[in-house]
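Reviewing the structure listed below.
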Amino acid sequence: MEKKQKILFTALKLFATEGVAATSTKKIALEAGVSEGLIFKHFISKSSLLADILTMADEKCRALFIGVFQEEDPIRVIQKVIEVPFNVPVTDYHFWRLELILKWQENFNDPEKTRPIKEKLRRAFYELNYEDPEMEAGFIYQTMEATISEILKGNVKNLDTLKWFLTKKYGPQKSA
């Protein structure tokens, strides 16, 4: 693995498991097996290292949601959103852990990042004549966020059963 990539993935792992503030560039260098100077050769600062990681995370997130945005059928939109947490590759878990951790930090929380997906859900529930499309969209979004959180913590013992339960709940027979 190229040293820059090794630095990025080591920083990602440490940021996701120990927190950004608690992770020094010295610790990243030690874990990556590089000099601290090499980190600063590739990245201006720890903040720019984090920014590069977050750019990669955003690309991975967009890739997971692309099918949702391409879907026109409202029931399939809802089901595809429900499926997203179950489609996260294990190799990307650190990206998602970091995203969830940073949502709790004021300077990183950006509600605009989630607006397009919530709007796509709201439109789907509106097209299906749900009484309160906004509340339904918020409920599904929050449920999916909680689901990925529980998956990342290893608290979901049977992913297939949970996925089946959630997709059944909002399947074709459930328009309100």
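Listed here are the residues, each with its yes/no results for (1) closer than 28 Å to residue 55 by Cα; (2) under 14 Å from the mean Cα position of the chain (by Cα); (3) surrounded by fewer than 19 Cβ atoms within 10 Å (Cβ to Cβ); (4) at pLDDT below 90.
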residue: 78; (1), (2), (3), (4): yes, no, no, no
residue: 105; (1), (2), (3), (4): yes, no, yes, yes
residue: 127; (1), (2), (3), (4): no, no, yes, no
residue: 131; (1), (2), (3), (4): no, no, yes, no
residue: 141; (1), (2), (3), (4): yes, yes, yes, no
residue: 165; (1), (2), (3), (4): no, no, yes, no
All conditions in (1) over 29 Å from residue 149 (Cβ atoms); (2) out of contact with any Lys or Arg (no Cβ under 6 Å at 6 or more places or on another chain) are true of residue 42 except (2)
The condition of being β-branched (Val, Ile, Thr) and either within 19 Å of residue 147 (Cβ to Cβ) or within 11 Å of the chain's Cα centre (by Cα) (or both) holds, among 117, 53, only for 117
- Yes or no: residue 98 more than 24 Å from residue 160 (Cα to Cα), assigned by TED's automatic domain parsing to the domain that holds residue 137, in contact with a helix residue (DSSP H, G or I) (Cβ under 7 Å, 6 or more places away or on another chain) and at pLDDT below 95? yes
Pairs returned, first residue in segment 52-63 that is without any contact (Cβ under 8 Å) to a residue 60 or more places away in the chain and closer than 19 Å to residue 7 by Cβ, second residue that is hydrophobic (A, V, I, L, M, F, W, C) and buried (at least 17 other Cβ atoms within 10 Å of the Cβ), beta-carbon separation under 6 angstrom, 6 or more apart or interchain, are 53/12; 57/95; 60/95
Tell me whether segment 30-50 contains one or more residues that are crowded, with 16+ Cβ neighbours inside 10 Å, under 18 Å from the mean Cα position of the chain (by Cα) and of a type outside the set (Asp, Glu). yes
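The values are calculated or read from the model by the stated rules, or taken from the named source; none is laboratory data. Remember, predicted model here, so these are calculated numbers, not experimental data. Ideal geometry is used to build each Cβ from the backbone, glycine not excepted, and the neighbour counts take in all protein chains shown.
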